[in-house]
1. Sequence-distant or interchain residues sharing an amide H contact under 5 Å with GLU41, placed H: which?
2. For the stretch 170-182, just list the computed ³J(HN,Hα) in residue order, Karplus coefficients 6.51, -1.76 and 1.60, θ = phi - 60°, integers in Hz, with x standing in for Gly and Pro.
3. Packing-wise, with mean Cβ within 10 Å as the measure, how do 152-162, 181-191 rank, highest first?
4. With label points built 7 Å along Cα→Cβ from the Cα atoms of ASN117 and HIS171, find their separation and express it in nm.
5. Tell me the volume per residue, in Å³, of the convex hull enclosing the alpha carbons of the stretch 129-223.
6. Projected area of the stretch 97-161, taken from the Cα convex hull and averaged over every viewing direction, in nm²?
7. With θ set to phi - 60°, apply the Karplus curve 6.51 cos²θ - 1.76 cosθ + 1.60 along the stretch 73-84 and write out the HN-Hα couplings as whole Hz, x wherever there is a Gly or Pro.
8. Between GLY174 and residues 5 or more places away or on another chain, which pairs have amide H atoms under 5 Å apart, with H built 1.01 Å from N, and which residues are they?
Amino acid sequence: MGTEATRGTSQLPLLASVILCSLALGRGAVYTSEPEVRVAENKPAKLSCSYSGFSSPRPPSYEDRVTFSHSGITFHSVTRKDTGMYTCMVSDEGGNTYGEVTVKLIVLVPPSKPTVNIPSSATIGNRAVLTCSEKDGSPPSEFYWFKDGVLMPTEPKSSRAFSNSSYSLDHKTGELVFDPVSAFDTGEYICQAQNGYGTPMRSEAVRMEAAELNVGGIVAAVLVTLILLGFLILGIWFAYRRGYFDRAKKGTSSKKVIYSQPAARSEGEFRQTSSFLV
């Protein structure tokens, strides 16, 4: 079989479907029986590709770990990096007539334990954001939140247990946003990652406390700060009145040295060659 395989770099949404897909250009046609292939990591995978109407197909070329056949290509062992879109192309030797078909390969990898970022406390009436993520799952994981062991619905008003809470939940990004936080939101939160393959993984439980803004504590802190500042200013004024600053200036002034050379005296008089006053 004459095929060429090329791999895309982006991952697309997952759609489970098995249909016969064909593309006819001129007198030739290329088709596949499986436009989407799902296989576990480190397992072999076959991407089917067949053709009709090509008298002299172009020879294939690809890496050593892929085997070509008349019915498609087979990976000896796939890794998560092989996930992507593959195009099978068939053409005559002259390249004047060709056909192609695309197959999506999804390498299945179970999710790892998710990492969460949950504030230990949140102020009632303010906004609080909880995040959850994990990087290993293929296809990408979706995230679900539990509060005190109870699964949180996407719409809080749809459940009597969460009707008093106001939040938005994104299963794709794993972000849980309370806007605003209420007293009801105090509790223990767990995030679960799942992608339909392997066992769903849960994060550690973290407790978030929703508390009122402590206005009294803030006022008391401001008053204590003002009192301390007043004592400091009073101490500086008292020291200035007592002259402590003037004494400090005098104590640090440099000493003066006076040198004088006496005038010439008679031989009978006492001779002083020099004098110093310190």
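1. For GLU41, whose amide H was placed from the backbone, the distant partners under 5 Å are LEU108.
2. 10, 5, 7, 8, x, 8, 10, 10, 9, 8, x, 6, 10
3. Values: 152-162: 13.7, 181-191: 18.5.
Order by mean packing, descending: 181-191, 152-162.
4. 2.4
5. Considering the Cα atoms of the stretch 129-223, their hull volume per residue is 118 Å³.
6. Numbers: hull surface 34.8 nm².
So the Cα hull casts an average projection of 8.7 nm².
7. Per-residue couplings from phi come out as 10, 10, 7, 5, 7, 9, 10, 4, 6, 7, 4, x Hz.
8. Those lying under 5 Å, H to H, from GLY174 are PHE143.
Every read-out reported here was derived from the displayed coordinates using simple, explicitly stated rules and does not represent laboratory data. Everything numeric in this text was worked out from a predicted model, so none of it was measured. Cβ atoms come from the backbone with ideal geometry, glycine included; neighbour counts cover every protein chain shown.
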